[in-house]
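Enquirer: Sharing a structure here in structure tokens format.
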Amino acid sequence: MKAICVTPGRELEVRDIPTPNEPAPGHVLIDMDASAINHGDKTFLRMPTAAGNALALGRHDVWGASGAGRVVAVGSGVPVEYTGRQVAVYRSLDRSPASVGLWCEQAHVPYTTCLILPDHVRARDYCGSLVNVMTAYAFLEEIANAGHKGVIVTAGNSATGYALASLARSRNVPAIFLVRTAAARDAMCRLGVEHVIVTTEGFTDTLARLSTELGTTAVFDGVGGDLITGIAPSLPMNSTIYFYGFLGGAAPVSIPSVLFMMKNLSMRRFSNFESRTVKEPAKLAAALKTLEGVIDDPMFMTRTGKEFHYDQIELAMAYGSPDGAKAVLVK
Ligand SMILES: NC(=O)c1ccc[n+]([C@@H]2O[C@H](COP(=O)([O-])OP(=O)(O)OC[C@H]3O[C@@H](n4cnc5c(N)ncnc54)[C@H](OP(=O)(O)O)[C@@H]3O)[C@@H](O)[C@H]2O)c1
């Protein structure tokens with residue numbers, strides 16, 4: 001079968017590799033329909049230790065963290081409900097040396113990396129979703145345990161931002177979303193999101209008032225750089241900034257040290273696969289079950305920009321759409 005693999009020089013190339021046929025215990029074989037290219041697929045290719053220790057690749061060095069397809073065979077010990085179902089997959093939920101995938105025609109992965117999709121949705125519409133949905137879910141769990149009652153989302157108009165909006169609403173967690181354009185604000189408002197602020201001149205006054213009123217002390221930061229520098233003075237007391245993404249690039253965050261004292265401010269990373277939700281098998285199973293029940297919310301769908309075939313991988317990796325929609329690999 002065709003697969004997109006990583007070379008020792010950390011380039012991607014299309015190879016012919018053996019098709020997995022008999023699933024190992026606890027594993028499923030998935031006929032892959034599509035795989036969206038997320039930021040992590042680019043970041044970890046360039047910088048394997050971007051989230052700490054580099055993650056193992058599995059057999060044949062196949063690349064790709066997200067995808068969707070249909071289960072065509074199950075190994076021993078796999079719950080019967082996975083048989084024949086369409087699934088969204090996020091490879092980093094459970095690593096196995098027997099894994100093959102995801103950017104290949106047939107993936108072989110632990111069933112615990114899969115979320116069963118209802119029959120009335122199109123698997124392709126969720127081919128980049130599970131990583132982002134799980135990130136938002138695990139984050140809300142983590143901040144609840146840390147005692148936070150509300151959240152500020154810096155990359156409001158992103159897949160992780162949308163996922164957080166849906167999950168925060170269902171948990172009644174107040175959330176403020178920062179977006180860069182009025183169009184992004186209007187789109188979120190049309191979907192019923194209540195507190196969306198456009199980051200234009202003077203927005204920090206609105207943020208300071210609203211965040212104190214709502215007690216949004218956890219910052220879910222996918223942007224970094226100038227935006228965090230700009231909002232830090234407006235955060236409520238006892239805020240924690242959790243860095244999970246770097247859409248703002250390499251621009252440094254610059255915060256006067258007195259703010260740490262004045263606001264008891266703290267800063268730390270958030271990585272979904274280092275979260276308790278993903279690392280503890282019972283919590284992961286519970287998360288997947290809960291998400292299965294709500295995954296058909298359109299806010300979890302992958303925004304597809306353009307579809308590419310495997311042999312167009314270079315073009316697909318270079319693709320950037322003006323509205324943040326993603327390149328999707330299809331067979
Ligand atoms: N740590 C983890 O566990 C984890 C998990 C998943 C994702 N991530 C990371 O989270 C970040 C977001 O990923 P995603 O898939 O949710 O993003 P995405 O869906 O691709 O969203 C990108 C959107 O964010 C908005 N944005 C805001 N500020 C931006 C900036 N300075 N530069 C570019 N875009 C900006 C843009 O919308 P507008 O143009 O409308 O502003 C853009 O369309 C990435 O860095 C990703 O690597 C981390």
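Enquirer: Considering only the range 109-146, state which residues are β-branched (Val, Ile, Thr) and either buried (at least 24 other Cβ atoms within 10 Å of the Cβ) or assigned to a helix (DSSP H, G or I) (or both).
Expert: At the first step, the residues of the range 109-146 found to be β-branched (Val, Ile, Thr) are 109, 112-113, 116, 121, 131, 133, 135, 143.
Once the filter is applied, which keeps residues that are β-branched (Val, Ile, Thr) and either buried (at least 24 other Cβ atoms within 10 Å of the Cβ) or assigned to a helix (DSSP H, G or I) (or both), the range 109-146 yields VAL109, THR112, THR113, VAL131, VAL133, THR135, ILE143.
Enquirer: Moving on. Here is a check on your reading of the model: is ALA34 within 24 Å of ARG276 (Cβ to Cβ), touching an Asp or Glu at 6+ places or on another chain (Cβ under 9 Å) and not polar (S, T, N, Q)?
Expert: No, not satisfied.
Enquirer: Which ones in the range 42-91 are in contact (Cβ under 8 Å) with a residue 40 or more places away in the chain and among the charged types (D, E, K, R)?
Expert: LYS42, ARG59, ASP61, ARG70, listed by residue number.
Enquirer: Scan the range 34-73 residue by residue and report those that are assigned to a strand (DSSP E or B) and surrounded by fewer than 20 Cβ atoms within 10 Å (Cβ to Cβ). Explain how you work it out, then say what you get.
Expert: The first filter runs over the range 34-73 and keeps only residues assigned to a strand (DSSP E or B), leaving 34-36, 62, 66-73.
Passing the criteria: ARG70, VAL72, ALA73.
Enquirer: Here's something else I'd like to know. Being closer than 21 Å to SER275 by Cα, more than 9 Å from the ligand (Cβ to nearest atom), of a type in the set (A, V, I, L, M) and surrounded by fewer than 24 Cβ atoms within 10 Å (Cβ to Cβ), is that true of even one residue in the range 176-198?
Expert: First pass over the range 176-198, keeping only residues closer than 21 Å to SER275 by Cα: none.
No; the residues of the range 176-198 include none that is closer than 21 Å to SER275 by Cα, more than 9 Å from the ligand (Cβ to nearest atom), of a type in the set (A, V, I, L, M) and surrounded by fewer than 24 Cβ atoms within 10 Å (Cβ to Cβ).
Enquirer: When the range 224-237 is examined, which residues are found to be more than 16 Å from the ligand (Cβ to nearest atom) and not polar (S, T, N, Q)?
Expert: ALA232, PRO233, LEU235, PRO236, MET237
Enquirer: Of all residues in the range 20-43, count the ones that are within 16 Å of the ligand (Cβ to nearest atom) and either under 18 Å from MET134 (Cα atoms) or polar (S, T, N, Q) (or both).
Expert: The total comes to 8.
Enquirer: Here is a further query. Assigned by TED's automatic domain parsing to the domain that holds LEU117, surrounded by fewer than 21 Cβ atoms within 10 Å (Cβ to Cβ) and over 26 Å from VAL121 (Cβ atoms) - does that describe any residue in the range 226-237? Outline the logic, then answer.
Expert: From the range 226-237, those assigned by TED's automatic domain parsing to the domain that holds LEU117 are none; that's our starting set.
There is no residue in the range 226-237 that is assigned by TED's automatic domain parsing to the domain that holds LEU117, surrounded by fewer than 21 Cβ atoms within 10 Å (Cβ to Cβ) and over 26 Å from VAL121 (Cβ atoms).
Enquirer: GLU274: surrounded by fewer than 17 Cβ atoms within 10 Å (Cβ to Cβ), free of Cβ contacts under 8 Å to residues at least 40 places away in the same chain and acidic (Asp, Glu), yes or no?
Expert: Details: surrounded by fewer than 17 Cβ atoms within 10 Å (Cβ to Cβ): yes; free of Cβ contacts under 8 Å to residues at least 40 places away in the same chain: no; acidic (Asp, Glu): yes.
No, not satisfied.
Enquirer: Looking at (1) under 23 Å from the mean Cα position of the chain (by Cα); (2) surrounded by 13 or more Cβ atoms within 10 Å (Cβ to Cβ); (3) not assigned by TED's automatic domain parsing to the domain that holds MET47, which one does TYR310 not meet, given that it meets all the others?
Expert: (3)
Enquirer: Would you be able to say whether some residue in the range 249-269 is farther than 19 Å from LEU130 by Cα, in contact with a Pro (Cβ under 7 Å, 6 or more places away or on another chain) and assigned by TED's automatic domain parsing to the domain that holds ALA165? Break it down into steps so the answer makes sense when it comes.
Expert: Let us first name the residues in the range 249-269 that are farther than 19 Å from LEU130 by Cα, namely 249-269.
From the residues that got through so far, the ones that are in contact with a Pro (Cβ under 7 Å, 6 or more places away or on another chain) too are 259.
Filter once more, keeping what is assigned by TED's automatic domain parsing to the domain that holds ALA165: 259.
Yes - at least one qualifying residue is present in the range 249-269.
Enquirer: Counting only residues that are within 12 Å of the ligand (Cβ to nearest atom) and farther than 21 Å from GLU142 by Cα, which one in the range 243-269 is nearest to the chain's Cα centre (by Cα)?
Expert: Here is the first cut: in the range 243-269, the residues within 12 Å of the ligand (Cβ to nearest atom) are 243-251, 268-269.
Keeping just the survivors that are farther than 21 Å from GLU142 by Cα gives 247-251.
Working: LEU247: 13, GLY248: 17, GLY249: 18, ALA250: 20, ALA251: 22 Å.
Checking each candidate, the answer is LEU247.
Enquirer: OK, next. Considering only residues of the range 147-160 that are within 8 Å of the ligand (Cβ to nearest atom) and more than 10 Å from the chain's Cα centre (by Cα), which is surrounded by the most Cβ atoms within 10 Å (Cβ to Cβ)? Walk me through how you get there before you give the answer.
Expert: Just the residues of the range 147-160 that are within 8 Å of the ligand (Cβ to nearest atom), to begin with: 154-160.
If we keep only those that are more than 10 Å from the chain's Cα centre (by Cα) too, we end up with 154-157.
Values: THR154: 27, ALA155: 25, GLY156: 30, ASN157: 21.
Step by step, filter the range 147-160, then rank; the result is GLY156.
Enquirer: May I pose another question? Please find, among PRO8, PRO18, PRO23, the residue that is surrounded by 20 or more Cβ atoms within 10 Å (Cβ to Cβ), in the same structural domain as SER321 (by TED's automatic domain parsing) and part of a loop (DSSP other than H, G, I, E, B).
Expert: Result of the check over PRO8, PRO18, PRO23: PRO23.
Enquirer: Among the listed residues THR240, THR304, THR290, which satisfies the condition of being within 14 Å of the ligand (Cβ to nearest atom) and β-branched (Val, Ile, Thr)?
Expert: On the way: THR240 fails: within 14 Å of the ligand (Cβ to nearest atom); THR290 fails: within 14 Å of the ligand (Cβ to nearest atom).
Criteria check complete, one pass: THR304.
Enquirer: Still on this model: Please go through the range 315-330 and give me each residue that is within 17 Å of THR43 (Cβ to Cβ) and either free of Cβ contacts under 8 Å to residues at least 40 places away in the same chain or not aliphatic (A, V, I, L, M) (or both), ordered by number.
Expert: ALA318, TYR319, GLY320, GLY324, LYS326
Enquirer: Moving on. Is it true that VAL121 is more than 9 Å from the ligand (Cβ to nearest atom) and closer than 27 Å to SER35 by Cα? Step through it out loud before you land on a result.
Expert: Numbers: more than 9 Å from the ligand (Cβ to nearest atom): yes; closer than 27 Å to SER35 by Cα: yes.
Yes, satisfied.
Enquirer: What are the pairs, 6+ residues apart or on separate chains, where a residue within the range 116-127 that is more than 12 Å from ASP297 (Cβ to Cβ) and modelled with pLDDT of 95 or more has its Cβ under 6 Å from a residue that is acidic (Asp, Glu) and surrounded by 13 or more Cβ atoms within 10 Å (Cβ to Cβ)?
Expert: Listed pairs, sorted by first residue: ILE116/GLU292; ALA123/ASP33; ARG124/ASP33.
The values are calculated or read from the model by the stated rules, or taken from the named source; none is laboratory data. Owing to the predicted nature of the structure, the values given are computational and were not obtained by experimental measurement. Note that each Cβ is placed from the backbone with ideal geometry, even for glycine, and that neighbours are counted across all protein chains shown.
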